[in-house]
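Step one of this worksheet: look at the structure below.
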Amino acid sequence: MSKDTLPTYAIVELLIRLADFNASIGDYKDHIPHEFGVMVKTTKGHINFSRQLIMQQFNNPALIDEPQLKEVALLFKAA
């Protein structure tokens with residue numbers, strides 16, 4: 001899946017949801033797909049998402065539960 005086929009707004013929505021668990025994540029700047037997922041650059045660092053998580057946010061965000069969001073928020077790396 002190329003950068004152009006990923007729903008950017010789903011990535012932004014994920015970042016908004018993750019801010020509830022880690023306020024230091026920052027705002028969306030860019031994303032770069034790679035072999036193992038998608039690196040999302042923010043105003044304060046970067047975080048890696050799986051393509052599956054992004055598509056789940058796009059297709060049915062209610063299926064992403066709080067424990068899963070907390071776990072993903074821990075992946076954030078400050079700049």
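The values are calculated or read from the model by the stated rules, or taken from the named source; none is laboratory data. Note that this is a predicted model, so its numbers are computed, not measured. Cβ sites come from the backbone with ideal geometry, for glycine too, and all protein chains shown count toward neighbours. With ligands, DNA and RNA removed, areas are computed over all heavy atoms of the protein, side chains included. Shrake-Rupley method; radii C 1.70, N 1.55, O 1.52, S 1.80 Å.
Structure values in brief
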item	result
Qualifying residue in the range 34-57 (condition: part of a strand (DSSP E or B), at pLDDT below 95 and over 12 Å from the mean Cα position of the chain (by Cα))	yes
Tally of residues being of a type outside the set (A, V, I, L, M), open to solvent by less than 10 Å² (accessible area, probe 1.4 Å) and more than 17 Å from Glu71 (Cα to Cα) across the range 1-41	1
Extreme residue, surrounded by the most Cβ atoms within 10 Å (Cβ to Cβ), among residues of the range 42-60 that are among the hydroxyl-bearing types (Ser, Thr, Tyr) and under 14 Å from Val72 (Cβ atoms)	Thr42
Hits in the range 2-34 - residues which are among the β-branched types (Val, Ile, Thr) and free of Cβ contacts under 8 Å to residues at least 24 places away in the same chain	Thr5, Thr8, Val12, Ile16
Residues of the range 12-33 satisfying the condition of being part of a loop (DSSP other than H, G, I, E, B) and farther than 20 Å from Ala62 by Cα	Ala23, Ser24, Ile25, Gly26, Asp27
